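What follows is a short report on a single structure.
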There are 2 protein chains.
Amino acid sequence: MGERLVVIGGTAAGLSAASKAKRLKPDMDITVYERSGYVSYGACGLPYYVGGMIEEADDLVSLDVNTLTNKRGIPTFIHHEVTKIDRQAKTVAVRDLDTGKEFEQGYDKLVIATGATPIVPEIPGARAEGVHCLRTVEDGIALKSRVAQGASKAVIIGGGFIGLETAEELTQAGMKVTVVEAMPRLLPFLTEEYAAAIQNELEKHGVEVCLNATAAEILCQDQRAAGVKTSDGRCFEADMVLFSIGVRPASQLAAACGLELGLKDAIVVDEHQRTSDDSIYACGDCVQMKHLVTGEACYVPLGTTANKQGRIAGENIGGGNGTFKGVLGSQVTKIFDLYAASTGLTEQQAVRAGYDAVSSSITKGDRASYYPGGGQNQLTLILDRKSGKLLGAQGIGTETIAGRMNVLATAITAGMTVMEVNELDLVYSPSVAPVYDPILIAASQALKHVK
Amino acid sequence: MGERLVVIGGTAAGLSAASKAKRLKPDMDITVYERSGYVSYGACGLPYYVGGMIEEADDLVSLDVNTLTNKRGIPTFIHHEVTKIDRQAKTVAVRDLDTGKEFEQGYDKLVIATGATPIVPEIPGARAEGVHCLRTVEDGIALKSRVAQGASKAVIIGGGFIGLETAEELTQAGMKVTVVEAMPRLLPFLTEEYAAAIQNELEKHGVEVCLNATAAEILCQDQRAAGVKTSDGRCFEADMVLFSIGVRPASQLAAACGLELGLKDAIVVDEHQRTSDDSIYACGDCVQMKHLVTGEACYVPLGTTANKQGRIAGENIGGGNGTFKGVLGSQVTKIFDLYAASTGLTEQQAVRAGYDAVSSSITKGDRASYYPGGGQNQLTLILDRKSGKLLGAQGIGTETIAGRMNVLATAITAGMTVMEVNELDLVYSPSVAPVYDPILIAASQALKHVK
């Protein structure tokens, strides 16, 4: 029998780890346990499944249990919950959620890829029928069946990007949607101006946005959600309520067996994705990571990171020497016709991290002015006044903002100054850019702030 | 009277230099002479004007003589040709092409921004009516009026990107178009596979592509072009012929006054854009530049570079200390529904430059597989096997290839290896990218070649 690897969690991080380890050590005896009924699904696609753009839940799944178990040689079990890790004995306790049967399984190496859990506040009615989160495929199916049953009014608590993408999708499915956000603005990773533009885009499409308010109570009729009462005393009718106020690391198993926890109780790992126990790796939304700009610990749960960290964990378990250097928190979202993206630090974060930070904004067409079509890109660069170093960027506009944000993410990773960004030799054709790309305009504007 | 600056050439490079110098030294006495009838036009937009997508020639012009002269304080003269530079006397001889009047003008500093001249081979009929180039607005007007007069068949000699963009535009204007290319393939800055895909895209839209052939003779009727006879003996009917086989630096003035010339007789400049004469700067398509990867001299005439070099020349004339580091030759074009882009070295160029070069290619969707719409991106990375250093990249696919090529251009500029590119934290949302962006897939494939 080969070395035994047990992987807890069968989505991005866990399966990346399992697959990479198997490729490097084909003899390894790998078992994956997944609590939900689905493995290898793209959770970021759930809003589009709920809204109907994606028809079948299976479309979100890239690998099924059968393929993993029988073709890839990675026995994978759904509806199996790991309930305990015994580090001394090197065993995990597993419960088959379908049969209730419990059993123990030994490991030589263990991967914790338990992900994150949506936060649901303990307010009256929070557990009523018709109150949802959107994290698993089952969540998606439940939400979608609510739409199919004729739900016509939704209240979404939390104006982060999952909440807003779902607001878009439910609106396009014909529902009346209200978004309730505790902060005085949406999407805190954007500038206030860009967040206001997103809000405007939502309102233009009929979404009601209610800021500075939290959900105080889920109003129920016959034990079913019928509305939301907010902290400022307003009431919104709803036959469907969605909580999307964020997630917390699902680190209870790790905590119970005494692994070191960090920010928000995320599992602490080194750059090899190893926990404080040499035999245990952790990756994905349950771990703390390092920010590439500040070098400090952060918790930014994103699918891209989960996949990469899983691959690194698998590489090291498979005998390699991979390292995960950290994150910029690069992200993008599309809300109706407006795309918003960010990378690196916000101005606030940069000031907090001790930089002499300033932000500089521009608006520029994304094609030659004389070329038909296209639209605007708005870009904000955050830089250090002393060194000119680029620390972060935010943008809204057409789909092309995504590629431009990636250029800036690359520049930040390389430690470039805005002077260096200003000199980049970028592609040009009237059909895809102005002769001075918005990135260059942004850099040329930003470098005026450098002391 | 302030210091006198004379600028020869009133498009991208020349006007960038004049404008920057004026901003830095408002007292400077600046005069711009432009031989053609237009200043400050986007030559890259000419194909779209000819084809009708852009209606008026003036739409291509961002600043007119009146604005420059009266609002910006930069007296600008069109139809004025500088015929001689006297470096001893520090004067230029100028001819007013409308009146024939000649005069001398003294300078303290001189900018040569004379651009490049389309190459027209000395074959029978090359000067006949109906034979065109596409470089100036006048060229565009002549070509467009030919279309308006009912020309229905065009032969385009040269399958570079200006030729192919014009082929697209003339086809969309209803003409039957044949492209004649001397090489066994189109667009040498792309891989053969990508060039073949572009050829297929052209043929799909009815453009005839004739490879391995040059124009041997322009066949004429009544002194008007009526067809093209190719080197392989074929004849193509045409009531319009376009030469787009490349340009050469318009460096005759510089040569005549003894300035140092380099590759293809392009003017040699230092990184301050200064020529071998301290008082004379040169910038744009008439100068030699440095390649950022090889550090060697190259000649890559592009509008983006012309603008940047002009700005640097202006900055230094204005008392600053700007440097132009060099180019990657980043470029992009759209041919019907296919976008093609490249940056840095091709595999061939990399081998020639002494690298242990290899290229590595991938094809990947540009959105999450389950998200509707989108299309493919094909990416080829050229890297050094020994160090893993990224040396160049080419790609075809949807419009998003442009942003991805810019990421790679940024990575090359920063000296990144494909291992480092593989770790980039890029934005992700199902609507704009797969969770592993095509860039990351390409890098992860490429790093397998690193020794």
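The values are calculated or read from the model by the stated rules, or taken from the named source; none is laboratory data. Nothing here was measured: the structure is a model prediction, and the numbers come from that model. In this analysis, Cβ positions are derived from the backbone assuming ideal geometry, glycine residues included, and neighbour counts consider all displayed protein chains.
Values for this structure:
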read-out: Test set (1) over 23 Å from B:Thr191 (Cβ atoms); (2) small (Gly, Ala, Ser); (3) under 19 Å from the mean Cα position of the chain (by Cα); (4) surrounded by 20 or more Cβ atoms within 10 Å (Cβ to Cβ) - B:Ala297 fails condition number; value: (4)
read-out: Yes/no for B:Lys90 being touching a helix residue (DSSP H, G or I) at 6+ places or on another chain (Cβ under 6 Å), away from every other protein chain (no Cβ under 14 Å) and crowded, with 16+ Cβ neighbours inside 10 Å; value: no
read-out: Among the candidates B:Val61, B:Val6, B:Val39, residue that is touching a Leu at 6+ places or on another chain (Cβ under 8 Å) and either under 19 Å from B:Tyr281 (Cα atoms) or in contact (Cβ under 8 Å) with a residue 40 or more places away in the chain (or both); value: B:Val6
read-out: Residues of the stretch A:37-81 that turn out to be under 11 Å from A:Gly10 (Cβ atoms), in a strand (DSSP E or B) and modelled with pLDDT of 95 or more, as a count; value: 3
read-out: Any hit, the stretch A:93-108, residues being at positive phi, without any contact (Cβ under 8 Å) to a residue 40 or more places away in the chain and surrounded by fewer than 21 Cβ atoms within 10 Å (Cβ to Cβ); value: yes
read-out: Odd one out for A:Asn316, checked against (1) within 14 Å of another protein chain (Cβ to nearest Cβ); (2) in contact with a His (Cβ under 7 Å, 6 or more places away or on another chain); (3) not in a loop (DSSP other than H, G, I, E, B); value: (1)
read-out: The listed residue being within 14 Å of chain B (Cβ to nearest Cβ) and surrounded by fewer than 19 Cβ atoms within 10 Å (Cβ to Cβ), out of A:Glu56, A:Glu81; value: A:Glu56
read-out: Single condition A:Ser431 does not satisfy, out of (1) more than 20 Å from B:Leu292 (Cα to Cα); (2) among the small types (Gly, Ala, Ser); (3) within 12 Å of chain B (Cβ to nearest Cβ); (4) not in a loop (DSSP other than H, G, I, E, B); value: (4)
read-out: Selection status of B:Ser387, more than 23 Å from B:Ala197 (Cα to Cα) and more than 9 Å from chain A (Cβ to nearest Cβ); value: yes
read-out: Any hit, the stretch B:264-284, residues being assigned to a helix (DSSP H, G or I), of a type in the set (D, E, K, R) and assigned by TED's automatic domain parsing to the domain that holds B:Met28; value: yes
read-out: Top-ranked residue in the stretch A:16-38 [being among the aliphatic types (A, V, I, L, M) and within 16 Å of A:Val82 (Cα to Cα); ranked as farthest from the other protein chains (Cβ to nearest Cβ)]; value: A:Ile30
read-out: Residue within the stretch B:335-342 that is within 13 Å of chain A (Cβ to nearest Cβ) and farther than 21 Å from B:Ala196 by Cβ present; value: no
read-out: Residue count, the stretch B:152-173 (criterion: in contact with a strand residue (DSSP E or B) (Cβ under 7 Å, 6 or more places away or on another chain) and surrounded by fewer than 21 Cβ atoms within 10 Å (Cβ to Cβ)); value: 3
read-out: Count - residues of the stretch B:20-34 that are crowded, with 20+ Cβ neighbours inside 10 Å and farther than 15 Å from B:Val61 by Cβ; value: 7
read-out: Failed condition for B:Met419, given (1) at the interface with another protein chain (Cβ under 8 Å from one of its Cβ atoms); (2) part of a helix (DSSP H, G or I); (3) surrounded by fewer than 19 Cβ atoms within 10 Å (Cβ to Cβ); value: (1)
read-out: Sole exception among (1) of a type in the set (A, V, I, L, M); (2) buried (at least 20 other Cβ atoms within 10 Å of the Cβ); (3) away from every other protein chain (no Cβ under 14 Å) for A:Ile362, by number; value: (2)
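Table: residues versus (1) within 8 Å of chain A (Cβ to nearest Cβ); (2) closer than 29 Å to A:Asp59 by Cα; (3) outside any loop (DSSP other than H, G, I, E, B).
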residue	(1), (2), (3)
B:Thr333	yes, no, yes
B:Ala350	no, no, yes
B:Tyr371	yes, yes, no
B:Ala409	yes, no, yes
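Quick grid of which residues meet (1) farther than 19 Å from A:Gly403 by Cα; (2) more than 14 Å from chain A (Cβ to nearest Cβ); (3) touching a strand residue (DSSP E or B) at 6+ places or on another chain (Cβ under 6 Å); (4) outside any loop (DSSP other than H, G, I, E, B):
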{"residue": "B:Gly295", "(1), (2), (3), (4)": "yes, yes, no, no"}
{"residue": "B:Val300", "(1), (2), (3), (4)": "yes, no, yes, no"}
{"residue": "B:Thr305", "(1), (2), (3), (4)": "yes, no, yes, yes"}
{"residue": "B:Arg311", "(1), (2), (3), (4)": "yes, no, no, yes"}
